[in-house]
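In what follows, a single structure is set out as structure tokens and then discussed.
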Amino acid sequence: MIVEVHGLEVFGRHGVNEDERQAGQTFLVDVTLERPEPGEDSIEATADYRVVRDVVQRISRDNAYRLLESFAAAAADALVVALPGVTIRVRVRKPGIAWAEWAGVTVERS
């Protein structure tokens, strides 16, 4: 089963340039979880979207990364710990760059 959280807006102080890290900006995070189908109609039987939100927000808030790759990897690593037994794909998008709609990176963990 595929569980998706797309377009999660998180504030972060990430970027190569010092001014990006000082001012901060909004990043868009897409998380895809592959997991077995739940055997019952209960939140405990699946991946809770709120856990995804909370983990990604914490990683962005508590750290400053120069690379989107580092941010995406840290979020994926933390989600694997918070949601064991799932394959996790994290895409971090940086919108509003001067020459493209967005730039992004995707990382996967099992």
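Rule-based calculations on the coordinates, nothing more; no lab input. Owing to the predicted nature of the structure, the values given are computational and were not obtained by experimental measurement. Here Cβ is always computed from backbone atoms with ideal geometry, including for glycine, and neighbour counts include all displayed protein chains.
The angle between the Cα long axis of helix 68-82 and the main principal axis of the chain comes to about 20°, on a 0 to 90 degree scale.
Suppose a student asked you for the relative contact order of the chain, using Cα pairs under 8 Å spaced at least 6 residues apart; what percent would you report? This gives 28 percent for the chain. Farthest toward the positive end of the dipole of segment 2-109, out of Leu8, Ser42, Ala73, is the Cα of Ala73, where the dipole comes from beta carbon charges about the Cα centre. Computed from point charges on the beta carbon alone (+1 for Lys and Arg, -1 for Asp and Glu), the dipole magnitude for segment 2-109 about its Cα centre is near 420 Debye.
What FRET efficiency, computed as 1/(1 + (r/R0)^6) with R0 = 30 Å and r the Cβ-Cβ distance, is obtained for Ile43 and Arg13, rounded to the nearest 0.05? Efficiency, from the Cβ-Cβ distance: 0.40.
Ignoring GluC sites (Glu not before Pro) that are buried or in helix or strand per DSSP, and keeping those with at most 16 other beta carbon atoms within 10 Å, what is the longest stretch of the chain between them? Result for the longest clean stretch: 41-100.
Among Phe71, Phe27, a tally of other beta-carbon atoms within 10 Å of each Cβ gives an order, fewest to most, of Phe27, Phe71. One compactness figure for the chain is 1.10, namely its Cα radius of gyration divided by 2.2 N^0.38 Å. Within the shell defined by Cβ-Cβ distances under 9 Å, the residues around His14 carry a net charge of +3, with Lys and Arg each +1 and Asp and Glu each -1.
The convex hull defined by the C-alpha atoms of segment 65-110 has an orientation-averaged projected area of 3.3 nm².
The residue list Ala23, Pro84, Val51 was ranked by how far each Cα lies along the charge dipole of segment 1-92 toward its positive end, using unit charges on Cβ atoms, and Ala23 comes out on top. Between Ala100 and Glu20, the distance separating the two model label sites (each 7 Å from Cα on the Cα→Cβ line) works out to 1.2 nm.
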